[in-house]
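Right, one structure below, let's go through it.
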Amino acid sequence: MKFTTKRPALAALAALAAPLAFAQPNPALIDNKPAFVADLLRQMTLEEKVGQLRLISIGPEMPAAQLAEEIAAGRVGGTFNSINHKEQRPLQEAAVNRSRLKIPMLFAYDVLHGHRTSFPIGLGLASSWDMEAVRLTARTAAVEASADGVDVTFAPTVDISRDPRWGRTSEGFGEDPYLVSQIARAMVQGFQNGTPAGKVLGRDSIMASVKHFALYGAVEGGRDYNIVDMSPMRMYNDYLPPYKAAIDAGAGGVMIALNTVNGQPATSNTWLLQDLLRKDWGFRGVTFSDHGAITELMRHGVARDEREAAKLAIKAGVDMSMADQVYLKELPGLVKSGEVPMKTLDNAVREVLGAKYDMGLFHAPFLRIGKAEDDPPDLKADSRLHRAPARDVARRSMVLLENRNRTLPIAKGATVALVGPLADAPIDMMGVWSGQAVWKQSVTLRTGMEKALEGQGRLLYARGANVTEDKAIVEYLNFLNWDEHEVVQDKRAPQEMIDEAVATAKQADVVVAAVGESRGMSHESSSRTRLDLPESQQALLKALKATGKPLVLVLMNGRPLTLNWEKANADAMLETWFAGTEGGHAIADVLFGDANPSGKLPISLPRSVGQIPTYYNHPRLGRPFTPGKPGNYTSQYFDEPQGALYPFGHGLSYTDFSLSDVTLSSARMPRGGKVEASVTVTNTGERAGETVVQLYIQDVAASVVRPVKELKDFRKLMLQPGEKKEVRFTIGEDKLAFYNAKLQYLAEPGEFKVQIGLDSQNVKEQGFELK
Ligand code: BGC
């Protein structure tokens, strides 16, 4: 009896306990993502849902211990900037052991051009035109970052920039939609190890979150965070393709831009985040606001208060809120009052949970954090770096702009004077988004050249100048960046440094001057109105020129500079951007001919700031400037020569290449058909070398004004001395299509010009007709 009376009570308890036992991720559903996520969502309280949307980092306002408590209370979905297992482990333990639903945290970080090992900055990577090198960079970064517990990176940055005043030009991949789209794809594939959208990432992969959606590179006047106002046709044809390419390649995340897009901040832009991203492009993944962007809706003047800011952002489609607390504070009230439907909140939470599922965190929350006993004893150990690929990619990222009288390569028996503020600058060499790279591990040009000349020639060194003598600029850069040694100033009088450099130069056979910007000059919030070398460096170069010694400029900078004097006066110029941890070795490899430069400009170099924008693929005009036919009333600046100082696609080699005329397989292309364009490239010089054969197309007459030419394909190839290779490009309608005035994507019948060259200016041309 006793038992019979007790049994129903026990059974009732057991029945109650059954759902409780699964009040957490249900392992039985782990192979069915939608069911798994739905099951979890069903169990969540309103507060727990809102908690999942919160992305914060440890900081003065949020010490680690407090953060762990917040996590245990189900009030945090992820952190950014925790890249240390010792820091992450207790946070993940708080999530999976102490929070009610045991939902794992995600750990995010800005992994841009490398992580522990710094690779060349975006513009440098783009200069390689080498998608294997790009993929290798992202893959290596993912291996290093995942070993540091990172699950997701805020990268790649694929913002097209046609305005080098914008400091973040350094971070993106240049001005061309096709090239940047190819790189976007390769970066995503590298980070995610080829894992497509919606599939679970492996341990050594990290999720890519393409940024900054959208059009951040088009901020007015190149001034960071400024507005963007753009016609839909330009948007669709020129600026949007790279984001789309990253998403098509499987990027699991999207970071939303800080700027406005035609009058509405991207963060509250329903058209952008719903209609375009989700509906038209079919993006299924997580969106992140940029740092503090939801709060900034008030400063933009579209939200009266925090409540309205939160409401606008969640309704527009911002899933995770980075760094601001307005979701946490306001969403519960907004949902309770019915101003934000629960469904809207659920949509955001579903994406966050789905992203965590795809990161593999529900399968194994400590996947990338590992066990304490396996923690690397020294996070910064040199053995954790990948120096060989970094050196290889850096070599490929350099652009030989000029090489008069074959000044380069320099013979290894020579006495070389190395001068300039960037010759021995390990911090700058790393580039600005250098992740967890350690400046003491980066190889400066001075070290690289010393090593290359060991036992042979002689290296003399003098600093010669500071990057700038402008105290306000130095102060600003020190404030902007995070390294205590950020900008190193030599306290000597400028003339004293120049005199020393000149005396050094006089003892040498050749002078190598490492000049340009300090890395912080090409960064977030570092727009410039002038793009010439700072005066201190110009004075140094003029004094060096006066010695009559051959003058080689090694340029380190994160954006196109205006290099008029330099072009006219230097014997050789090598654009090295910021080449990364192995930069010094890689540059020395090129200077002394152990590597033959093969980079091509991914962005036009303007003559002056007044000439910006100077992009090669500009729309056709009614009164274009025609070289050789100077006349009145054509589109030009009358006070300086027209066109870029160095065009898009330009880059020399230590060998020479010649290109045959273009042959087309047919002068007509039927609908749905193809035309093959071929050229033969010959290495006419005496060294093996790589070059990039570039295919441009012009739509001769269309329903709307189209660009003078557009890059549509390219091939990088290695040729031995005397070797010839035929390059064939297949042209289908996809290469002719564009968004017309009604934003329909199609190829219009008519004549097309096919132009093939080794840069965007000197091309061979043939025409065909699309029926
Ligand atoms: C930048 C983002 C970056 C974020 C987190 C922001 O200021 O605009 O690109 O991902 O900070 O570091």
**Study point:** Lys, Arg +1 and Asp, Glu -1 on Cβ, resulting dipole of segment 664-771 about Cα centre, debye, nearest 20
**Key:** 160 debye
Check your understanding: How far apart, in nm, are two points set 7 Å out from the Cα along the Cα-to-Cβ line at Gln507 and at Ala546?
Key -> 2.1 nm
Revision key, fill the gap. From the Cα centre of segment 69-112 to that of segment 312-388, the distance in Å is 8 Å
Exercise for review: Find out how many positive minus negative residues lie around Ala348, taking Lys and Arg as positive, Asp and Glu as negative, among other residues whose Cβ is under 14 Å from that of Ala348.
Suggested key: +4
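Counting Lys +1, Arg +1, Asp -1, Glu -1, what net charge surrounds His115 among other residues with beta carbon under 9 Å of its beta carbon?
Combined, the nearby Lys, Arg, Asp and Glu give -1.
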Practice item. Please report, in debye to the nearest 20, how large the charge dipole of the chain is about its Cα centre when each Lys and Arg carries +1 at its beta carbon and each Asp and Glu carries -1 there. Key: 1740 debye
Review point. What number comes out for the charge environment of Tyr225, summing +1 per Lys or Arg and -1 per Asp or Glu over other residues with Cβ under 12 Å away?
Key: -2
**Study point:** Dipole axis of the chain (+1 Lys, Arg; -1 Asp, Glu on Cβ), positive-most option in Thr140, Thr444, Ala355
**Key:** Ala355
Review point. Looking at Gly593, Thr682, Ser660, which one has the Cα that reaches farthest to the positive end of the dipole of segment 579-724 (charges on Cβ: Lys, Arg +1; Asp, Glu -1)?
Key: Ser660
Exercise for review: Please name whichever of Ser760, Leu531, Gln88 sits farthest to the positive end of the charge dipole of the chain, dipole taken about the Cα centre and charges placed at Cβ: Lys and Arg +1, Asp and Glu -1.
Suggested key: Gln88
Revision key, fill the gap. Under the 7 Å Cα-to-Cβ spin-label approximation, Arg623 and Arg100 lie apart by a distance in nanometres of 7.1 nm
Practice item. Any chance you could count the Lys pairs in segment 333-417 whose alpha carbons are under 30 Å apart, treating pairs 8 or more apart or on different chains as valid? Key: 5
Exercise for review: Kindly provide the chymotrypsin sites (Phe, Trp or Tyr not before Pro) of segment 573-672 that DSSP labels as loop, not H, G, I, E or B, and whose Cβ sees at most 12 other Cβ atoms within 10 Å.
Suggested key: Tyr633, Tyr637, Phe638
Check your understanding: In what sequence do Lys244, Lys567 fall when counting other Cβ within 10 Å, fewest first?
Key -> Lys567, Lys244
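Do the sum for the chain: with -39,500 (n - 2.57) for every DSSP H run of n ≥ 4, divided by all residues, what is the mean residue ellipticity at 222 nm, to the nearest 500 deg cm²/dmol?
Rounded to the nearest 500, it is -8500 deg cm²/dmol.
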Review point. What size of dipole, in debye to the nearest 20, comes out for segment 553-643 about its Cα centre when the only charges are +1 on Lys and Arg C-beta atoms and -1 on Asp and Glu C-beta atoms?
Key: 640 debye
Study note, to complete from the structure: Inter-part gap, Cα centre of segment 446-505 to Cα centre of segment 593-671, in whole angstrom, is 35 Å
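All of the numbers you see were taken from the coordinates with simple rules; none came from a lab. Computed from a predicted model, the values in this text were never measured in an experiment. We place every Cβ from the backbone using ideal geometry, glycine too, and count neighbours over all the protein chains shown.
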